[in-house]
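Nothing in this text is a laboratory measurement; each read-out follows from the coordinates by a stated rule. Fair warning: this is a prediction, and the values are worked out from it, not measured in the lab. Here the Cβ positions follow ideal geometry from the backbone for every residue, glycine too, while neighbour counts run over all protein chains shown.
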Amino acid sequence: MGHDECIFCKIAIGQVLSEQVYADSDLIVFKDIRPVAPLHLLVVPRRHIPTLQHCESEDQELLGKMMLLAPKLAREFGYAYEPGSDKEANGFRVVMNTGPGGGQELYHIHMHVIAGLRPSICM
Ligand code: 5GP
Ligand code: ZN
């Protein structure tokens with residue numbers, strides 16, 4: 001898979017700078033360069049997979065790890081969902097745009113974690 005020109009691969013190896021907030025052996029998380037809300041993070045696997053459509057059953061653990069990281073990040077940044085709370089920013093959203101019809105611009109899978117604005121149907 002040719003991904004020499006992939007910006008997220010470059011970010012993953014530190015060749016392109018990002019405002020990183022989390023990293024482990026599988027994933028990196030950094031702030032979106034054009035945030036649509038007060039919290040807008042991108043959860044990105046280090047491994048290059050073009051789209052969610054390309055994922056196989058062997059990617060189940062990776063995808064689960066991405067999804068389970070979202071509430072932890074939300075909590076860290078003050079946007080955890082707390083049932084019964086009347087705080088203004090109570091919860092967050094995760095989005096994985098897939099293909100042109102899904103609004104995907106960068107073809108290296110990433111999960112948006114967005115919070116702090118009243119959700120609309122589109123991002
Ligand atoms: P997509 O539309 O593919 O789901 O989202 C790609 C996201 O990556 C966009 O929200 C865009 O702002 C963000 N993005 C594009 N290039 C860069 C970059 O170089 N650095 C960071 N931090 N975000 C980027
Ligand atoms: Zn890549």
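Mind checking whether some residue in region 51-58 is outside any helix (DSSP H, G or I), within 11 Å of ligand 1 (Cβ to nearest atom) and buried (at least 17 other Cβ atoms within 10 Å of the Cβ)? No: zero hits. Evaluate the following for D24: is it within 16 Å of ligand 2 (Cβ to nearest atom), farther than 22 Å from E5 by Cβ and of a type outside the set (K, R)? No; evaluated as a whole, the condition is false for this residue.
Close Cβ contacts (under 7 Å, 6 or more residues apart or on different chains) running from residues in region 1-30 that are within 12 Å of H108 (Cβ to Cβ) to residues that are of a type in the set (S, T, N, Q) and not in a strand (DSSP E or B) comprise I11/S18.
The residues of region 70-112 that are assigned to a helix (DSSP H, G or I), of a type in the set (G, A, S) and either under 10 Å from the mean Cα position of the chain (by Cα) or loosely packed, with under 15 Cβ neighbours inside 10 Å (or both), listed by number, are A70, G101, G102.
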